[in-house]
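Remarks on the structure that follows.
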Amino acid sequence: MSDPYFQSLFADRIGGINYGKGTEIYKFEKIKRAKRKALADFPSRPLIDFGIGENDAMAPESVRRRMAEEINKPENRGYMDNGNARFKEAAAAFMQRTFGVKLDPVTQVNHSIGSKPALAMLPACFINPGDITLMTVPGYPVAGTHTRYYGGSVFRLPLTAENNFLPNFDELTPDIWQRTKLLVLNYPNSPTGKTATREFYERVITLAKKHEFVVVQDAAHALLSYDQPPFSFLAVPGAMEVGVEVYSLSKGYDMIGWRIGWVCGHERIVRAFADVKDNSDSGQFGAIQNAAAAALDDDEIPRRTRAKYMRRLEKLVATLSRAGFAAKMPGGTYFLYVPAPKGLADGTKFENAEAASQYLITQQSIVTVPWDDAGPFLRFSVTYEAESEAAEDALMSAAADRLAQCGLLF
Ligand SMILES: Cc1ncc(COP(=O)(O)O)c(C=O)c1O
């Protein structure tokens, strides 16, 4: 097929004249292809899918019922711009109740259509060409991608087991500090499962003031915290002077598809975000904002979600440990991040986590997501579908049988 006349018009940020011609296959596409192969080669063996990165349950019935009412209210029909007061007030009340963080709902909270677009828009508030965003890796890359779109660059802070999955700021040179405008954190961390301590956040606040950068703490998994009660960056003295936190109802409230979250923290940053957002979208549907506000009023919802994923993670830790993995209960999230096996008893060697993951999918029909950004690790998610605890146990037992026969070496 010949190129369209506009082939030379694509912006460099998405590949320029070569846009659409790459042959590189991305990680999630490789996983999809491997799953198709496993199903073709072993049609009678069901896939055990630990690769899914989204909640398995629908939003709670109470929230869906509320949505059904809200959808018929005429006042919800129009543009919502930067959001309605009801949602902002519910978010502020949630922050006060859950973390003891006091926010002015008018000036320090703004909704977003999920946390992903908020992370995409925040670099627009700060990044000029040449500026740096510090990003932890492995991690959720959206703020980094948009930093590059604005001509900035990303400095990667590896999260390694040796550093307890916290960034090592000591490796940064004066030049990097000088160009740094943003530090993007994410705790509880996806995919490592690490939670952050008050001491860590205190250090971050000290550094932010010293080197004059803004902190964006991605709290998408905030309510899925197991080794400590859910904890907010903004609860640490000084945090409100240096940054914002980005929240989501996706994970803790089983509302992934509803697309609702918020940015909160320093008033001037929230305002800058709202200005950029106002030039990008016209707000989430009012009915969704009101149903989400009702969800935020009900602390039982995230408590149930947390208990379910904690139970499933405990079962998975036991199953993987028996198969030889160095599996430990994560501090938070619904992910278990474990060192990948190095090979098999038959002499097969895995050169990286991706090779181990491909083997497990194609030969054992067990799906995981490989991470090779900071050492070879596999991410097992406990968001698989199982309608009862007995079904969870059956799935664990099938996984244990398959793993036992592989002869994994670590
Ligand atoms: C770390 C992290 N941040 C943000 C998001 C985006 O979540 P949402 O846009 O559904 O709020 C995700 C989703 O997977 C995530 O894992």
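The values are calculated or read from the model by the stated rules, or taken from the named source; none is laboratory data. Since the structure is predicted, the reported quantities are computational estimates derived from the model, not experimental observations. Quick reminder, even Gly has a Cβ in these numbers, built from the backbone with ideal geometry, and neighbours come from all protein chains shown. In case anyone asks, the SASA skips ligands and DNA or RNA and just uses the protein heavy atoms, side chains included. Shrake-Rupley method; radii C 1.70, N 1.55, O 1.52, S 1.80 Å.
Structure above, values below:
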quantity	calculated
Qualifying residue in the range 229-244 (condition: more than 16 Å from the ligand (Cβ to nearest atom) and at pLDDT below 95)	no
Residue pairs meeting the criteria (Cβ under 6 Å; at least 6 apart or on separate chains; first farther than 14 Å from ALA274 by Cα, in the range 75-86; second open to solvent by 30 Å² or more (accessible area, probe 1.4 Å))	TYR79/SER282
Residues within the range 197-216 that are more than 16 Å from the ligand (Cβ to nearest atom), of a type in the set (Val, Ile, Thr) and either under 24 Å from SER115 (Cα atoms) or touching a Pro at 6+ places or on another chain (Cβ under 6 Å) (or both), tallied	4
Any hit, the range 21-33, residues being assigned to a helix (DSSP H, G or I), touching a residue at least 12 places away in the same chain (Cβ under 8 Å), within 27 Å of the chain's Cα centre (by Cα) and more than 20 Å from ALA355 (Cβ to Cβ)	no
Some residue of the range 341-349 being under 24 Å from the mean Cα position of the chain (by Cα), more than 29 Å from PRO230 (Cα to Cα) and charged (D, E, K, R)	no
Residue selected from the range 34-64 under the condition acidic (Asp, Glu) and either within 26 Å of TRP371 (Cα to Cα) or not in a helix (DSSP H, G or I) (or both), by the criterion farthest from the ligand (Cβ to nearest atom)	ASP41
Pairs where the first residue, in the range 270-286, is farther than 16 Å from ILE260 by Cβ and the second is at pLDDT below 95, C-beta under 8 Å, 6+ apart	ASP278/ASP81; ASP278/ASN82
Criterion (within 16 Å of the ligand (Cβ to nearest atom), within 24 Å of ASP56 (Cβ to Cβ) and modelled with pLDDT of 95 or more) met by exactly one of ALA219, ALA294, ALA307	ALA219
Enumeration of residues in the range 172-184 that are open to solvent by 10 Å² or more (accessible area, probe 1.4 Å) and away from the ligand (no atom under 15 Å from the Cβ)	LEU172, THR173, PRO174, ASP175, ILE176, TRP177, GLN178, ARG179, LYS181
Residues that are among the hydroxyl-bearing types (Ser, Thr, Tyr), under 21 Å from SER225 (Cβ atoms) and within 12 Å of the ligand (Cβ to nearest atom), drawn from the range 87-123	SER115
Residue within the range 214-237 that is assigned to a strand (DSSP E or B) and without any contact (Cβ under 8 Å) to a residue 40 or more places away in the chain present	yes
In the range 124-148, the residues that are among the polar types (S, T, N, Q) and either closer than 19 Å to GLU241 by Cα or within 16 Å of the ligand (Cβ to nearest atom) (or both)	THR133, THR136, THR145, THR147
Leading residue by the ranking (nearest to THR107 (Cα to Cα)) among those in the range 278-289 that are within 16 Å of the ligand (Cβ to nearest atom) and assigned to a loop (DSSP other than H, G, I, E, B)	GLY283
Residue check for GLY332: farther than 23 Å from SER44 by Cα and in contact with a His (Cβ under 6 Å, 6 or more places away or on another chain)	yes
Output for the range 172-196, where each listed residue is in a helix (DSSP H, G or I) and without any contact (Cβ under 8 Å) to a residue 24 or more places away in the chain	PRO174, ASP175
Candidate set: the range 1-20, residues that are of a type in the set (Ser, Thr, Tyr) and assigned to a helix (DSSP H, G or I); chosen: the one most open to solvent (accessible area, probe 1.4 Å)	TYR5
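Here's the yes/no breakdown for (1) of a type outside the set (S, T, N, Q); (2) crowded, with 21+ Cβ neighbours inside 10 Å; (3) part of a loop (DSSP other than H, G, I, E, B):
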{"position": "TYR247", "(1), (2), (3)": "yes, yes, no"}
{"position": "ASP254", "(1), (2), (3)": "yes, yes, yes"}
{"position": "TRP262", "(1), (2), (3)": "yes, yes, no"}
{"position": "VAL276", "(1), (2), (3)": "yes, no, no"}
